[in-house]
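What follows is a short report on a single structure.
The values are calculated or read from the model by the stated rules, or taken from the named source; none is laboratory data. Source: prediction; values computed, not measured. All Cβ positions, glycine included, derive from the backbone under ideal geometry; neighbour counts span all protein chains shown.
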Amino acid sequence: MTKNRHQTPQSAYIHIPFCEHRCAYCNFTLIANRQDLVPAFLEAIDRELQTLGQAMPIQTLFLGGGTPTYLSESELNQLFDSLDRWLPRQPHHETSVEANPNDISPAKLQLLTNRQVNRLSLGIQSFDNTKLRALDRSHTSDQCFASVQLTREWLDNVAVDLIFAAPGETQSTWQRDLETAVKLGVQHLSTYGLTFERGTRFWSDLQKQRIHRSEEDAELSMYRAAIATLTSAGFEHYEVSNFAMPGHRCRHNEVYWQGKTYFAFGPGAARFVDGQRETNHRSTTTYLKRMQQGSSPTAESETLADEDYARERLVFGLRRLEGIQFEDFHRDTGYSLESIGGAALRRYLQSGWLEISQDTIRLTRQGLFISDALWPDLLVAENANECAT
Ligand code: SF4
């Protein structure tokens, strides 16, 4: 019944916590400008991989960060030697690496493709120099163009991330970014509205009114523009923030959204193995120290209760535009959709934010635009009780 979360993982995430500098909006787990720590990190990752005890063949591998391409070619080779030993990739695997435009060179692309990387995800964020500066990115518009063009010569699966609602951004800047990405022929696009996270420089700038959030209406119309531009260019809008040309969805991210299990290694990395959610220590130096001492890198661990798993499965499943099939949900969680979603689902259906057709429940277009507001109610237990009455 609940076999999804007890299956041996077929996916692995590796967190590379290095960046050249920390962008003002970023609160990811990373350490800036510490090339000197890379050798210790590579040893630590190898030690953590050894805890698997045996080679675990996988279907999807995702190297994220931070910036994996911050590593030199020889460092990347050393990392892939460890990965090939402990996480051998099966035929037809998907291997994604996140990259910054200013790290892309023929030599690096040669190395990555030699090491079976078949998908590169470029942190472009914008093709406009003024917006890039406003976002505190360290690359230029020219580097964005050059990196996409060069990567396309090596790989037929190129993804880019674009941020909208940057400080001072106009609708026309955003429209140009979208159209540029389409013209450059990328296969996958992730679009995110800028968020202001506590602890970042942007957060304190916002408190001191040095920068301002975009108006909600402006942000919504940028999101609408993304959907209109990308779908009319042939992209499939398959998750709230993700668009892919046919056959180019991110298989690794689909594992998360479908509530499947996955390994994860590196500082701050979160894994889901045998119903257990574990997160490694977020501090890179603490992670390194723990691995050097032979102690566990895990900072938090919880066994996900059946019902909590079902609630997460519901929310992640609804983020996929295909929605959730009633039978799949029951098979994966042991619960009916109604017993978990209850009153909230009924309310959303009545409001026209969700729809049911045949055996599937999914977001409507109207629901898509307010989807973030829907999830909190689905994650709390009282709905199930209301439904039972
Ligand atoms: S490059 Fe990406 S991961 Fe690195 S600091 Fe900037 S936003 Fe964060």
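Some notes on this structure:
- Screening residue 273 on (1) in contact (Cβ under 8 Å) with a residue 24 or more places away in the chain; (2) under 26 Å from residue 158 (Cβ atoms); (3) of a type outside the set (Gly, Ala, Ser) shows it passes everything except condition (2).
- Condition check for residue 47: near the ligand (Cβ under 9 Å from one of its atoms) and outside the structural domain of residue 327 (by TED's automatic domain parsing): no
- Single residue of segment 335-387 satisfying the filter (modelled with pLDDT under 95 and in contact with a Ser or Thr (Cβ under 7 Å, 6 or more places away or on another chain)) that is farthest from residue 317 (Cα to Cα): 387
- Among the residues listed as 219, 254, the single one being acidic (Asp, Glu), under 25 Å from residue 157 (Cα atoms) and assigned to a helix (DSSP H, G or I): 254
- Among the residues of segment 43-86, those that are more than 21 Å from the chain's Cα centre (by Cα), part of a helix (DSSP H, G or I) and among the polar types (S, T, N, Q) comprise 50, 74, 77, 78, 82.
- Looking across segment 112-123, the residues that are within 16 Å of the ligand (Cβ to nearest atom) and either of a type in the set (A, V, I, L, M) or outside the structural domain of residue 63 (by TED's automatic domain parsing) (or both) come down to 120, 122.
- Taking segment 272-389 as the region of interest, the strands (runs of 3 or more DSSP E) fully inside it that hold 3 or more residues being of a type outside the set (Gly, Ala, Ser) and within 29 Å of residue 28 (Cα to Cα) are 276-280, 298-303.
- For segment 1-21, the set of residues classified as surrounded by fewer than 17 Cβ atoms within 10 Å (Cβ to Cβ) and away from the ligand (no atom under 16 Å from the Cβ) consists of 1, 2, 3, 6, 7, 8, listed by residue number.
- Of the residues making up segment 16-42, those that are farther than 16 Å from residue 137 by Cβ and outside any strand (DSSP E or B) number 11.
- Pairs, first surrounded by 19 or more Cβ atoms within 10 Å (Cβ to Cβ) in segment 22-35, second not in a loop (DSSP other than H, G, I, E, B), C-beta under 7 Å, six or more apart: 25/202; 29/15; 30/18; 30/19; 30/65
- Where a residue in segment 125-137 is more than 15 Å from residue 175 (Cβ to Cβ) and not assigned by TED's automatic domain parsing to the domain that holds residue 178 and its partner, wherever it lies, is within 11 Å of the ligand (Cβ to nearest atom) and in a loop (DSSP other than H, G, I, E, B), with Cβ under 8 Å and at least six apart: none
- In segment 99-111, residue nearest to the ligand (Cβ to nearest atom) [restricted to those that are in contact (Cβ under 8 Å) with a residue 40 or more places away in the chain and buried (at least 21 other Cβ atoms within 10 Å of the Cβ)]: 100
- Test: residue in segment 124-135 that is within 13 Å of the ligand (Cβ to nearest atom), of a type in the set (A, V, I, L, M, F, W, C) and part of a helix (DSSP H, G or I): yes
- Qualifying residue in segment 5-15 (condition: more than 22 Å from residue 296 (Cα to Cα), of a type in the set (Lys, Arg), outside any strand (DSSP E or B) and modelled with pLDDT under 95): yes
- Residue count for segment 67-82 under the criterion of being closer than 11 Å to residue 117 by Cβ and either within 16 Å of the ligand (Cβ to nearest atom) or aliphatic (A, V, I, L, M) (or both): the result is 3.
- Test: residue in segment 170-182 that is small (Gly, Ala, Ser), in the same structural domain as residue 231 (by TED's automatic domain parsing) and not in a helix (DSSP H, G or I): no
- Among the residues listed as 299, 373, the single one being of a type in the set (A, V, I, L, M), within 30 Å of residue 38 (Cβ to Cβ) and surrounded by fewer than 21 Cβ atoms within 10 Å (Cβ to Cβ): 299
- Residues of segment 136-169 satisfying the condition of being within 16 Å of the ligand (Cβ to nearest atom), out of contact with any helix residue (DSSP H, G or I) (no Cβ under 7 Å at 6 or more places or on another chain) and either part of a loop (DSSP other than H, G, I, E, B) or within 23 Å of residue 216 (Cβ to Cβ) (or both): 136, 137, 161, 163
- Unmet requirement for residue 53, which otherwise passes all of (1) touching a residue at least 12 places away in the same chain (Cβ under 8 Å); (2) away from the ligand (no atom under 16 Å from the Cβ): (1)
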